[in-house]
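Colleague: Just passing along the structure, written as structure tokens.
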Amino acid sequence: MHGMIVLIAMGGVAGAVLLLWVFGERWRLLRPSTRELMREQGLKNMLNLKALDSYVYMRWVKQYVKILLRALPFSSERGRNKLHDKYHGKVITHDHARAIITLNKSIPLRDLEQVIPYPTARDLVLTGPPDVVVTECSCRHARPNYCEPTQVCMLIGKPFSDFVLEHHPKTSRRLAQSEALELLRQEHERGHLHSAWFRDIQLNRFYSICNCCKCCCLGLEAMVKYGAPSLASSGYVAHVDTSQCDACGKCGNACPFEAIKTDKAAVVQWEKCMGCGVCVSQCPNEAVSLVRDEKKGVPFDVRLMV
């Protein structure tokens, strides 16, 4: 009892969160996945409220995204940059997304600043084969006229996968490896890009593969419309074989970064291209390909990072 009085005397949200931690650990009032999420983030993150932000984000992600979407037009450049230092993604090719799902052993990855050029991206551990849960895309549900299907966001690894499955059982489900690969294939064919997402308030870890459409994705809107550094390049750039291109414009219409213009043939704007490969999948003449470009950064290819 004396300990509880001390906690309450601390006052504010930090004291309340720490009190919640005590109740959860000693009397098991919290769900198992919540306890595991808090346990991994530790006491320090409980006190500085990072763990609380993590819980709120994963527990009420649809509401969280809607708030960010409404605030985005009124945010300052400094505010957008600060947000994306903590919440950011890496464009990955279809082949590299498949490689994550088909891991056959656990691998520790280090020095990720070469792959994800943000100050908080340092460490990552992938467990193979990874635990994968698919859930509803909060970005799509935040739009009045959203793209289908909506169950396309893939949580990778515990405790995130267990948390989402336990707190959102009606809109989430665990995927077998074959199901995850099929989902990636279908989204790739729809012209949606794959992106790997990191968040410093979630254990400094990679936690999700999103299958993003340019119509609905908050990260894409923040980047293309407002210049926020949401996504790092895949390390590739699109290349057009003009002898095969008939200037149909399909690649430009599909490009989520508005990086392709069409005149007598499709022309790639190097500075805008993030190497997602959507244009490759949408070209009917196979005139577009991805080529490695060292100036675009290091690819997130787990097969080469062991």
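Colleague: Do we have any residue at all in region 261-273 that's touching a strand residue (DSSP E or B) at 6+ places or on another chain (Cβ under 9 Å), within 27 Å of Pro108 (Cα to Cα) and in a loop (DSSP other than H, G, I, E, B)? Reasoning before the result, please.
Modeller: From region 261-273, those touching a strand residue (DSSP E or B) at 6+ places or on another chain (Cβ under 9 Å) are 261, 265-270, 272-273; that's our starting set.
Filter once more, so that each one left must be within 27 Å of Pro108 (Cα to Cα): none.
Among the residues of region 261-273, not one is touching a strand residue (DSSP E or B) at 6+ places or on another chain (Cβ under 9 Å), within 27 Å of Pro108 (Cα to Cα) and in a loop (DSSP other than H, G, I, E, B), which makes the answer no.
Colleague: Quick check on my filter: what residues within region 261-297 are in contact (Cβ under 8 Å) with a residue 60 or more places away in the chain and crowded, with 20+ Cβ neighbours inside 10 Å?
Modeller: Met274, Gly275, Cys276, Gly277, Val278, Leu290, Gly297
Colleague: Given the criteria out of contact with any strand residue (DSSP E or B) (no Cβ under 7 Å at 6 or more places or on another chain), under 29 Å from Pro32 (Cα atoms) and of a type in the set (D, E, K, R), does Lys214 qualify? Working first, answer last.
Modeller: Details: out of contact with any strand residue (DSSP E or B) (no Cβ under 7 Å at 6 or more places or on another chain): yes; under 29 Å from Pro32 (Cα atoms): no; of a type in the set (D, E, K, R): yes.
No; evaluated as a whole, the condition is false for this residue.
Colleague: Could you say which residue among Ala247, Ala180 is part of a loop (DSSP other than H, G, I, E, B) and among the hydrophobic types (A, V, I, L, M, F, W, C)?
Modeller: The conditions single out Ala247.
Colleague: Then there's this: Given the condition in the same structural domain as Ala97 (by TED's automatic domain parsing), in contact with a helix residue (DSSP H, G or I) (Cβ under 9 Å, 6 or more places away or on another chain) and polar (S, T, N, Q), answer yes or no: does some residue in region 178-186 qualify?
Modeller: No, every residue in region 178-186 fails to be in the same structural domain as Ala97 (by TED's automatic domain parsing), in contact with a helix residue (DSSP H, G or I) (Cβ under 9 Å, 6 or more places away or on another chain) and polar (S, T, N, Q).
Colleague: Residues that are surrounded by fewer than 22 Cβ atoms within 10 Å (Cβ to Cβ), of a type in the set (Ser, Thr, Tyr) and more than 30 Å from Cys273 (Cβ to Cβ): does region 141-164 have at least one?
Modeller: Looking for residues that are surrounded by fewer than 22 Cβ atoms within 10 Å (Cβ to Cβ), of a type in the set (Ser, Thr, Tyr) and more than 30 Å from Cys273 (Cβ to Cβ), one finds none in region 141-164, hence no.
Colleague: Let me ask you something else. Condition test on Asn253, is it assigned by TED's automatic domain parsing to the domain that holds Asp131, outside any loop (DSSP other than H, G, I, E, B) and either surrounded by 21 or more Cβ atoms within 10 Å (Cβ to Cβ) or not acidic (Asp, Glu) (or both)? I'd like the intermediate steps shown before the answer.
Modeller: Working: assigned by TED's automatic domain parsing to the domain that holds Asp131: no; outside any loop (DSSP other than H, G, I, E, B): yes; either surrounded by 21 or more Cβ atoms within 10 Å (Cβ to Cβ) or not acidic (Asp, Glu) (or both): yes.
Spelling it out, it is not the case that Asn253 is assigned by TED's automatic domain parsing to the domain that holds Asp131, outside any loop (DSSP other than H, G, I, E, B) and either surrounded by 21 or more Cβ atoms within 10 Å (Cβ to Cβ) or not acidic (Asp, Glu) (or both).
Colleague: What number of residues within region 240-257 satisfy the criterion of being under 19 Å from Glu189 (Cα atoms) and not aliphatic (A, V, I, L, M)?
Modeller: So the answer is 9.
Colleague: Quick check on my filter: what residues within region 230-244 are on the phi < 0 side of the Ramachandran plot and either part of a loop (DSSP other than H, G, I, E, B) or at pLDDT below 95 (or both)? Walk me through how you get there before you give the answer.
Modeller: Initial filter on region 230-244 (on the phi < 0 side of the Ramachandran plot): 230-234, 236-244.
Of everything in region 230-244, those that are on the phi < 0 side of the Ramachandran plot and either part of a loop (DSSP other than H, G, I, E, B) or at pLDDT below 95 (or both) turn out to be Ser230, Leu231, Ala232, Ser233, Ser234, Asp241, Thr242, Ser243, Gln244.
Colleague: Continuing with this model, one more query. Given the conditions (1) in contact with a Phe, Trp or Tyr (Cβ under 8 Å, 6 or more places away or on another chain); (2) part of a strand (DSSP E or B); (3) at pLDDT 85 or above; (4) of a type outside the set (Lys, Arg), which single one is not true for His96?
Modeller: For His96, the failing item is (2).
Colleague: With the checklist (1) assigned to a loop (DSSP other than H, G, I, E, B); (2) of a type in the set (Lys, Arg); (3) under 16 Å from Trp60 (Cα atoms) in hand, flag the one item Arg140 doesn't pass.
Modeller: Of the numbered conditions (1) assigned to a loop (DSSP other than H, G, I, E, B); (2) of a type in the set (Lys, Arg); (3) under 16 Å from Trp60 (Cα atoms), the odd one out for Arg140 is (1).
Colleague: Given the criterion within 22 Å of Val115 (Cα to Cα) and in contact (Cβ under 8 Å) with a residue 60 or more places away in the chain, identify the matching residue among Cys210, Cys216. Lay out the reasoning, then the answer.
Modeller: On the way: Cys216 fails: within 22 Å of Val115 (Cα to Cα).
Going through Cys210, Cys216 in turn, just one is within 22 Å of Val115 (Cα to Cα) and in contact (Cβ under 8 Å) with a residue 60 or more places away in the chain: Cys210.
Colleague: For Leu155, state whether it is under 26 Å from Asp95 (Cβ atoms), within 13 Å of the chain's Cα centre (by Cα) and not in a loop (DSSP other than H, G, I, E, B).
Modeller: Against the criterion (under 26 Å from Asp95 (Cβ atoms), within 13 Å of the chain's Cα centre (by Cα) and not in a loop (DSSP other than H, G, I, E, B)), Leu155 qualifies.
The values are calculated or read from the model by the stated rules, or taken from the named source; none is laboratory data. Given the structure is predicted, the values throughout are model-derived calculations rather than measurements. No Cβ is skipped: glycine too gets one built from the backbone with ideal geometry, and neighbour counts run over all protein chains shown.
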